[in-house]
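Colleague: Please read through the structure below; I'll follow up with questions.
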Amino acid sequence: MKYLHIDVLKKADAASYADAKPFSYTILQNPLPDAGYRLLLTSAPTLDQLEPSFGMERKFGQMSHDRYERYDSPAFRKTLKPEWQEFLAELEGPEYRAFLARMFGVRDFTLRFQWQYAVAGGSVSPHCDSVKKVGSHLFYFNDPETWNPAWGGQTQILFDPSGRQVCESAPRDDEFEIVTKTDGYGNQSLLFSRTNNSWHSVSPLAMPPGTVRRLFTVVADKPRTIADTIKGYARVFYKKITGGVSGTPKG
């Protein structure tokens, strides 16, 4: 089965994306065929397959983004259901890479995959993302038949009316205007480029106990240097020795 709705990706307008304000972004409807989306929804990694990431020290005094998370690795991929292994292989293929290159306007980037699951009480404060990123593609795996929009968890595209905010700071949500927000559930995705004003956040989560907000992100990074690789290993080692409850952010 093909998991990416290639026709939807091909129809995405790179010019409109580049001209979007306050930074380049687009919300794609039905980026996956309905049948493929349902398969991935029902075979997604479970919460116990992810690692807790709570109380993490973030740069510039920004609030911790409390959640469960996991980055893809050869070992972790072996634990995934076949549907997800096939999906990741498709994301690593030439058609999807060509889509990202066309939208981002760059050819030289590396991809990594991340699962981020949040529970009640979680939120993500305004931030721009790491300068190492070219951009991100967010997929929401929250069942539209059971997810209540009133629970929150929408990704919010933010505009700084003052024009004074810098990424190396820790502003509050109420210092921005909300330009738009995703539904946060169903067969929808958000693609955006990392810039010096790519402010975004996630609305607070107020769902019932036991409910999980499931997000899967494709991250396009600038090519890594040797220094980046050393820092990455240092972060992983630090997280292991602290039990995954504190440390520096991965970006």
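The values are calculated or read from the model by the stated rules, or taken from the named source; none is laboratory data. Everything quoted here is computed from the prediction, not taken from an experiment. Please note: Cβ atoms are built from the backbone with ideal geometry, for glycine as well, and neighbour counts cover all protein chains shown.
Colleague: Among the residues of the range 1-46, write down those that are among the aromatic types (F, W, Y) and in contact with a helix residue (DSSP H, G or I) (Cβ under 9 Å, 6 or more places away or on another chain).
Modeller: Y3, Y17, Y25 - these are the residues of the range 1-46 that are among the aromatic types (F, W, Y) and in contact with a helix residue (DSSP H, G or I) (Cβ under 9 Å, 6 or more places away or on another chain).
Colleague: Looking at this structure, is S201 within 15 Å of the chain's Cα centre (by Cα) and at pLDDT 95 or above?
Modeller: The answer is no for S201.
Colleague: A follow-up question, please. Could we say that S136 is in contact with a Pro (Cβ under 6 Å, 6 or more places away or on another chain) and not in a loop (DSSP other than H, G, I, E, B) here?
Modeller: So S136 does not fit the description; no.
Colleague: Hey, can you tell me all the residues within the range 19-47 that are without any contact (Cβ under 8 Å) to a residue 24 or more places away in the chain and of a type in the set (S, T, N, Q)?
Modeller: T42, T46
Colleague: Working only within the range 130-156, note down all residues that are touching a strand residue (DSSP E or B) at 6+ places or on another chain (Cβ under 7 Å) and over 28 Å from L39 (Cα atoms).
Modeller: K132, K133, V134
Colleague: Also, I was wondering about something else. Taking the range 194-222 only, how many residues are surrounded by fewer than 22 Cβ atoms within 10 Å (Cβ to Cβ) and closer than 23 Å to S16 by Cβ?
Modeller: Total meeting the criteria: 6.
Colleague: Continuing with the same structure: Is at least one residue of the range 16-33 part of a helix (DSSP H, G or I), modelled with pLDDT of 95 or more, over 30 Å from D160 (Cβ atoms) and out of contact with any His (no Cβ under 8 Å at 6 or more places or on another chain)?
Modeller: no
Colleague: Next question. Identify, please: which residue in the range 68-108 is part of a helix (DSSP H, G or I) and in contact with an Asp or Glu (Cβ under 8 Å, 6 or more places away or on another chain) and is, among those, nearest to G135 (Cα to Cα)?
Modeller: That would be Y96.
Colleague: Checking the condition under 30 Å from I178 (Cα atoms), surrounded by 14 or more Cβ atoms within 10 Å (Cβ to Cβ), at pLDDT 95 or above and aliphatic (A, V, I, L, M), which residue from M56, M103, M63 passes?
Modeller: Of the residues listed, the single one that is under 30 Å from I178 (Cα atoms), surrounded by 14 or more Cβ atoms within 10 Å (Cβ to Cβ), at pLDDT 95 or above and aliphatic (A, V, I, L, M) is M103.
Colleague: Might you let me know whether the range 169-188 holds any residue that is more than 18 Å from T217 (Cα to Cα), touching a Phe, Trp or Tyr at 6+ places or on another chain (Cβ under 7 Å) and among the charged types (D, E, K, R)?
Modeller: Yes; the residues of the range 169-188 include at least one that is more than 18 Å from T217 (Cα to Cα), touching a Phe, Trp or Tyr at 6+ places or on another chain (Cβ under 7 Å) and among the charged types (D, E, K, R).
Colleague: Identify all residues within the range 72-121 that are of a type in the set (S, T, Y) and touching a Lys or Arg at 6+ places or on another chain (Cβ under 6 Å); write none if there are none.
Modeller: Y117
Colleague: Residue check: is V124 under 21 Å from T195 (Cα atoms) and surrounded by fewer than 17 Cβ atoms within 10 Å (Cβ to Cβ)?
Modeller: no
Colleague: Still on this structure, please answer the following. Any chance the range 162-184 includes a residue that's basic (K, R), modelled with pLDDT under 90 and within 30 Å of D143 (Cα to Cα)?
Modeller: yes
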